[in-house]
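Working notes, structure below.
The values are calculated or read from the model by the stated rules, or taken from the named source; none is laboratory data. Note that the structure is a prediction, hence the values are computed from the model and not measured. Backbone-built Cβ (ideal geometry, glycine too); neighbour counts: all protein chains shown. These area figures cover heavy atoms from the full protein model, side chains too; ligands, DNA and RNA do not enter into them. Shrake-Rupley method; radii C 1.70, N 1.55, O 1.52, S 1.80 Å.
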Amino acid sequence: LIINLIKGKIRMKAVDKNVAVVLLIIVFIFGIITAFIFLRNNLENMTNFNKYTTDSTVIAIELSKVEYLSKSSKLEILSSINEVEKKYSIPSLLIYGIIKSESNFRFDITHKPITINIDNKKIHTAAIGLGGIIYEFWKDSLITNNIIETKTDLYKIKENILSIGYIVNKLTKQENGNIDSIICKYVGSSNIKYKHKISNTVFDLWYKQKMK
């Protein structure tokens with residue numbers, strides 16, 4: 001009826017025409033509302049998708065510059081970082097910054113020897129792998145949560161990055177999301193120079209993305 005009216009195929013009385021106009025207005029408003037809802041939902045999805053792909057692209061570009069890593073290692077690092085982001089809602093650029101600061105992407109590294117206190121006992125050890133993780137301090141939690149089985153698992157790319165995610169997630173809850181406190185707790189030190197080093201690395205790319 002409305003289409004034929006628009007085409008002029010139906011002649012109507014004035015009253016009928018007024019009704020038809022009202023119907024046309026209702027259809028028009030309904031169309032606008034429908035279009036608005038569709039665009040809003042798709043805009044939200046596009047925003048989330050672009051955030052995820054943009055951060056991943058930035059990390060992929062940075063990893064492509066690391067000459068001593070194989071292509072498969074770079075892909076495993078990228079996919080593991082994305083897995084941590086999905087699992088714990090931790091920004092991927094934060095995980096990237098920790099890895100770069102701790103090991104510069106050398107997954108097979110054993111860090112400098114250190115002495116730590118656990119249960120009032122001095123233990124001589126060294127941090128391991130991409131995230132510079134101290135096995136003796138975190139082993140119980142990481143094993144209980146099925147992230148690693150043995151100390152040598154921390155030399156593996158995925159296991160180490162998942163360990164980073166677990167630790168940062170736990171510290172985030174303890175420190176109420178305070179990034180400075182999280183970094184200090186993660187490295188186990190209040191050394192200002194070191195905190196600045198990791199903070200600058202983390203925020204350099206992170207803030208650039210968030211400010212776009």
What aspartates and glutamates could a cross-link reach from Lys112, if we take a straight Cα to Cα line under 12 Å and drop same-chain neighbours fewer than 8 places away?
-> Glu102
Expected vector for segment 141-152, Karplus 3J(HN,Hα) from phi with 6.51, -1.76, 1.60 and θ = phi - 60°, integer Hz, x for Gly and Pro, equals 5, 5, 6, 4, 8, 6, 8, 9, 10, 9, 4, 5
How big is segment 53-92 in terms of Cα radius of gyration and Dmax, in angstroms?
-> 10.2, 30
Under Karplus coefficients 6.51, -1.76 and 1.60, residue-wise ³J(HN,Hα) of segment 95-111 in Hz, glycine/proline x | 4, 4, x, 5, 4, 5, 5, 6, 9, 6, 6, 8, 6, 9, 7, 10, 6
Counting only heavy atoms of the protein chains, get the accessible area per residue of segment 59-149 (1.4 Å probe) and round it to a whole Å² value.
-> 55 Å²
Difference of contour (0.36 nm per residue) and Cα-Cα distance, Ser79 to Ile116 = 10.1 nm
Beta carbons within 10 angstrom, averaged per residue: use that to sort the peptides 70-78, 26-34, 174-182, 124-132, highest first.
-> 124-132, 70-78, 174-182, 26-34
Can you give the relative contact order of segment 93-165 as a percent, counting alpha carbon pairs under 8 Å and 6+ residues apart?
-> 29 percent
With a 1.4 Å probe and every protein chain left in place, tell me how much accessible area Thr115 has, in Å² to the nearest 10.
-> 80 Å²
